[in-house]
1. Output the helices (runs of 4 or more DSSP H) that fall wholly within segment B:1-85 and possess 3 or more residues being without any contact (Cβ under 8 Å) to a residue 12 or more places away in the chain, or say none.
2. Is it the case that segment D:210-224 has a residue that's at pLDDT 90 or above, at the interface with another protein chain (Cβ under 9 Å from one of its Cβ atoms), over 27 Å from D:Ala306 (Cα atoms) and over 22 Å from the mean Cα position of the chain (by Cα)?
3. Listed residues B:Arg64, B:Arg46, B:Arg91; which is over 26 Å from the mean Cα position of the chain (by Cα), basic (Lys, Arg) and within 13 Å of another protein chain (Cβ to nearest Cβ)?
4. On the basis of being at pLDDT 95 or above, over 28 Å from the mean Cα position of the chain (by Cα), in a helix (DSSP H, G or I) and farther than 30 Å from D:Thr154 by Cβ, does A:Arg167 make the cut?
5. Could you say whether any residue in segment A:15-22 is over 30 Å from A:Met289 (Cβ atoms) and among the hydrophobic types (A, V, I, L, M, F, W, C)?
6. Within segment B:274-284, is there a residue that is more than 8 Å from every other protein chain (Cβ to nearest Cβ) and either at pLDDT 95 or above or under 18 Å from the mean Cα position of the chain (by Cα) (or both)?
7. For segment A:132-150, enumerate the residues that are part of a helix (DSSP H, G or I) and buried (at least 20 other Cβ atoms within 10 Å of the Cβ).
8. Can you work out which of the residues in segment A:21-37 that are among the small types (Gly, Ala, Ser) and surrounded by fewer than 21 Cβ atoms within 10 Å (Cβ to Cβ) is farthest from A:Ser108 (Cα to Cα)?
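The values are calculated or read from the model by the stated rules, or taken from the named source; none is laboratory data. These numbers come from a predicted model, not from an experiment. All Cβ positions, glycine included, derive from the backbone under ideal geometry; neighbour counts span all protein chains shown.
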Number of protein chains: 4
Amino acid sequence: MTSALIASGLFGRQFGDQDVAAEFSVEAFGARMLAFEAAWTRALARTGAVSAGDAEAALAAIARARPDAALLGAGSDRDGVPVPALVAALRQGLGPGPAAAIHTGATSQDVIDTAMVLTLIAVADRIGERLAALSGAVAHLRARFGDRPLTARTRMQAALPATAALRLDAWARPLQGAAARLPALRSEIGRVQAGGAVGLRDQPTGPAEAVAARVAEDLGLALGPVWHSDRSSVVGFGHWLVLVAGAAGKIGQDVALMAQQGVDEVAFSGGGGSSAMPHKQNPVAAEAMVALARYVAGQQGVLAQALIHEQERSGAAWALEWLTLPAMAEATAAALAQGARLLGSVTRIGTPA
Amino acid sequence: MTSALIASGLFGRQFGDQDVAAEFSVEAFGARMLAFEAAWTRALARTGAVSAGDAEAALAAIARARPDAALLGAGSDRDGVPVPALVAALRQGLGPGPAAAIHTGATSQDVIDTAMVLTLIAVADRIGERLAALSGAVAHLRARFGDRPLTARTRMQAALPATAALRLDAWARPLQGAAARLPALRSEIGRVQAGGAVGLRDQPTGPAEAVAARVAEDLGLALGPVWHSDRSSVVGFGHWLVLVAGAAGKIGQDVALMAQQGVDEVAFSGGGGSSAMPHKQNPVAAEAMVALARYVAGQQGVLAQALIHEQERSGAAWALEWLTLPAMAEATAAALAQGARLLGSVTRIGTPA
Amino acid sequence: MTSALIASGLFGRQFGDQDVAAEFSVEAFGARMLAFEAAWTRALARTGAVSAGDAEAALAAIARARPDAALLGAGSDRDGVPVPALVAALRQGLGPGPAAAIHTGATSQDVIDTAMVLTLIAVADRIGERLAALSGAVAHLRARFGDRPLTARTRMQAALPATAALRLDAWARPLQGAAARLPALRSEIGRVQAGGAVGLRDQPTGPAEAVAARVAEDLGLALGPVWHSDRSSVVGFGHWLVLVAGAAGKIGQDVALMAQQGVDEVAFSGGGGSSAMPHKQNPVAAEAMVALARYVAGQQGVLAQALIHEQERSGAAWALEWLTLPAMAEATAAALAQGARLLGSVTRIGTPA
Amino acid sequence: MTSALIASGLFGRQFGDQDVAAEFSVEAFGARMLAFEAAWTRALARTGAVSAGDAEAALAAIARARPDAALLGAGSDRDGVPVPALVAALRQGLGPGPAAAIHTGATSQDVIDTAMVLTLIAVADRIGERLAALSGAVAHLRARFGDRPLTARTRMQAALPATAALRLDAWARPLQGAAARLPALRSEIGRVQAGGAVGLRDQPTGPAEAVAARVAEDLGLALGPVWHSDRSSVVGFGHWLVLVAGAAGKIGQDVALMAQQGVDEVAFSGGGGSSAMPHKQNPVAAEAMVALARYVAGQQGVLAQALIHEQERSGAAWALEWLTLPAMAEATAAALAQGARLLGSVTRIGTPA
């Protein structure tokens, strides 16, 4: 959630998104941390670093584990991240061999960054679906109302007669552009993190590269170099959210302007009521889209500070990603969902006949 | 919460604050919306706008009400804000007289802004307590270690011999400065919002000013002019959070630097562990304080966009406050709490003897 | 200037302000650095730290000095700040006694921060004048058109009939609020910086406090504690600029909305032309005000990062102030100037008769 | 320049870049506006919209024109942008035929956006050169000191023994990553803007598409759809600057930490002096790089607000680009230049022998 007030539910689902939030839950994020650990154990076994039997016992322990927010949270309060507590819990009750088949050679950042990558891919796919839905809504309006007259407006002034198609095509293009970036985004963000304690994957020379390659393959990710302190792809993900939310915000701003009395270039089947003025029909979703787009845009200026990631691992820079990126994702998804609802309620675009 | 990942609890209480979050819950925020409605009804009765009997029935209905997240959230999805649904629920089953004794002459923004003011005052007091606790921890270290040698460092370089007092006094001053601002802050933010539908409190001429004055008095707030579209005090509250979080962030940054091997100007009784390097003692709280301070600082650049609040009420500008301010408050409180924990674990400040 | 493109002059004076920029020029800022050095020398003499004769020779050298951008810039490229080069130039050719009567006991930060304080006070006064001019323009419109009908609009929708006074009073209040803060702002920012090498003004015990007090008095500043690493007042200055620019931005946004065809609640005697559509009259100043307000608001999220000012002096944090604050001041002044020009061209506010 | 104080030269070239600034000067930017106009006139002639003779006379007038800051600035003060004044000046003294061969069918935004595109490509190339220089400096250090011992540090704590190669490779990767993005960036940003008055390039049906295609070809740009209100590529350019500046900022932060006494993992042949402590050697360039990276990162949160570009052309959103992007480019170039100077002065990386 973007804030405790939004998380309260008092403002409904205007500014948050349950589906995207669920991707960052203890269950979902924890499951991805466990998926990393299981892939790591399998890779250790396949590269001969641990015995098949020890790996089997370790995998059974991993399969039995259920992420426990209280235990992991307490671990984080002590260690900064939940991984030491998670690994200790996984190894609990195992003999030395199976215990050593868990996490050996990996570091907390490998687990969290890889779980984050898997989460962001899931988030990108959800947002991709919403992008498609909103694009579809725009296309539907284009088909229905594209030929209706609409005044082109520049610098807040009526400029020239045009048709609704001009406005609707301008809405469609950034949505399509963002959707077209999705494969490259998935590919850029979709790299395993497997650097070991200080990012020296291949040092001392040994099987570390082979382990990392198998973990990547197991999780459906690319390998690439260690990116412990190179946060370009994470900040790049934020940039994509900015573009998506901005595309929605432009639509919201336009709709709010079109809905003004005296302009009257859009009509709805519904709209928000007022506690003081029952006659009003507020385009509240349009305004929410603008607010969300401004919010996401501004967050990028905070997230990007994470690039100044000192030495081999910076807790201060890293945490900025956790503070901003999930909220940006939720806000972006909410802006798209609001957009689809808003356009779905449109009964006319363009000057009244 | 600042993000769904933080809200998950996986990262413990490092980046959020349950007490501050609770002030923005349906229960607490909803209770303050009801407190406004009750004060409004009483004011209507005292100014003779409604009969004592109608007010009594209305107040009974308000007293019976329990804020229902599902109902209010659904109302917000329709209306943008939960107030129309709340008012409808309060009036449910009442006769015309008692129903008219509820909310008449007020508008949604009056309810939400006033509830927000009451919430921010409660938040300020909690943060004030934490400021005092962190100041106390600094003073304690000053008393205990102030005379120990410590190298003054400027521009990341050893400059001159000094004592720990130099550093500790520099930590204390911005904390004290922020604490000293608290009364003025409470006074600036502590104004009722009571403008009516479009902010024309005194139009048509009549008892509106008297109603507003009584509501303010009832809620322990000042009156002042309508501030529907003047968000200076809200942005000013954010500024105070920035100063407080920044004071904590400076301490966190200094401690992280002091804890470096080779510098060794601070020692702790605990510290975070590592999943890969059990010998490490990470000052994770210090890094969290830096991250939180950067986060809060950056949010102010987003919150301040809310000043561009168009016409008599802007949903787009207003929502930016809800998206940012509660998260800023939580992050600030968390930074202070982390600071008190961190300094409480300090066993030495200054060069080892 | 806010950017090289704006500094080019291609966009006229819309987004910059020559008067405010001049306060940050080599001449003006350099003169204030010299004023600090002269006050320091006088204070050394008055407290008996140097002889009257040495001080006289030193003051003569300071009086002769003209800040040289090339020399000081080259010094900054070497030392980070221009002060070592400035001091070396002042001492050039002086005997040991007069040379020691210059800058002894002060540090670069004392000079730059104090010069910045004097500059910000001058900037505040210029902005105060522009605030008064814009407030006056609003008051003039209020007197002339306050009673004309104007539709109150909430959430981008026509709400209720009102008069222009409602809108104009809402413009006036944040302007007046910001003006009313000016004395407190001057008092908060108006403290000398005089901490010595590492901020230990009173250590070793000696005349440092007395020197600092006399420097403060000489420069018309308050004394207060050393604030080398406590940047609250500088960030507070930025906050004031945010409030001022936001007040202008709200007016700009409203005017742009009022000028729309179909709304027609404002008329101008001029307005921007179009290279493609000669019939258009764009309210370009109104849009510039919005852009400037968003710009200044966003900068505060960057400036506030300067609070995380590590150890006794942080070049990284400090420089953020130099990068942002002068541009914020110029943008704020430009927004006010644009506002006064815009409102001065208004020939009607409110619904056409 | 990023601010008037920086533009004063008092702080040398630490925070600005003359070469990049020059790309936004009246001469350079103005020449690109003229290049657009010339290409447009040629395209009108080639598509038969104007006669060869009229085009020839128009081209002669364009070739004679020298951008005049005073005239264009005054035009901007009236019209918001310098294009109407530029076009009027070009047409001055021409007969109706040649006058109509200038700018007909184009709009101000076509001129400014296309000139900006050409400018950003030039800027990207300059920054690309600096990226290469800084990468080269890192590679040089890698070859020279890569095998020296250096302690890997995570979360501000010594972690494990490693070699300088670990740190230097981590510096190299984001630089290489940003350089590798340059061709895609050039391709994404390198599209002509040619939409006509309201972005309806192909309406009324006619030769507009053919004109636009020839202008693009003439200027070495791609065609693509109109992007008057789709600012994704401009914001994407800002994102690239963020990545580049962040890569430099990470190096600066690391170097500042390595230069600490007690850590001593880097040595320089020079370094900044202190006015109070002549024994100090401040790594001032390292700190400047951090400040610049934080500045650029934060600007992206402001620039990205430009995505909410209402209707067919928003002066308010558009101007945010002019306010932020040139300053981001300069700051990024300065960070790279500082980095090359800093690393060029390194005489050792890694633990002293």
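1. Values: elements: B:4-7, B:18-23, B:26-46, B:52-64, B:69-79.
Hits in segment B:1-85: B:4-7, B:52-64, B:69-79.
2. no
3. Working: B:Arg64 fails: within 13 Å of another protein chain (Cβ to nearest Cβ); B:Arg46 fails: within 13 Å of another protein chain (Cβ to nearest Cβ).
The conditions single out B:Arg91.
4. On the way: at pLDDT 95 or above: yes; over 28 Å from the mean Cα position of the chain (by Cα): yes; in a helix (DSSP H, G or I): yes; farther than 30 Å from D:Thr154 by Cβ: yes.
Here the answer is yes, as A:Arg167 does meet what is asked.
5. Step one: list which residues in segment A:15-22 are over 30 Å from A:Met289 (Cβ atoms), which gives none.
Among the residues of segment A:15-22, not one is over 30 Å from A:Met289 (Cβ atoms) and among the hydrophobic types (A, V, I, L, M, F, W, C), which makes the answer no.
6. Just the residues of segment B:274-284 that are more than 8 Å from every other protein chain (Cβ to nearest Cβ), to begin with: B:278-279.
Those left that are additionally either at pLDDT 95 or above or under 18 Å from the mean Cα position of the chain (by Cα) (or both): none.
Taking every residue of segment B:274-284 in turn, none turns out to be more than 8 Å from every other protein chain (Cβ to nearest Cβ) and either at pLDDT 95 or above or under 18 Å from the mean Cα position of the chain (by Cα) (or both).
7. At the first step, the residues of segment A:132-150 found to be part of a helix (DSSP H, G or I) are A:132-145.
If the condition is that a residue be part of a helix (DSSP H, G or I) and buried (at least 20 other Cβ atoms within 10 Å of the Cβ), then A:Leu134, A:Ser135, A:Ala137, A:Val138, A:Leu141, A:Phe145 are the ones that fit.
8. Going through segment A:21-37, the residues among the small types (Gly, Ala, Ser) turn out to be A:21-22, A:25, A:28, A:30-31, A:35.
Filter again for surrounded by fewer than 21 Cβ atoms within 10 Å (Cβ to Cβ), leaving A:22, A:25, A:28, A:31, A:35.
Details: A:Ala22: 22, A:Ser25: 18, A:Ala28: 17, A:Ala31: 15, A:Ala35: 14 Å.
Across segment A:21-37, the extreme among qualifying residues is A:Ala22.
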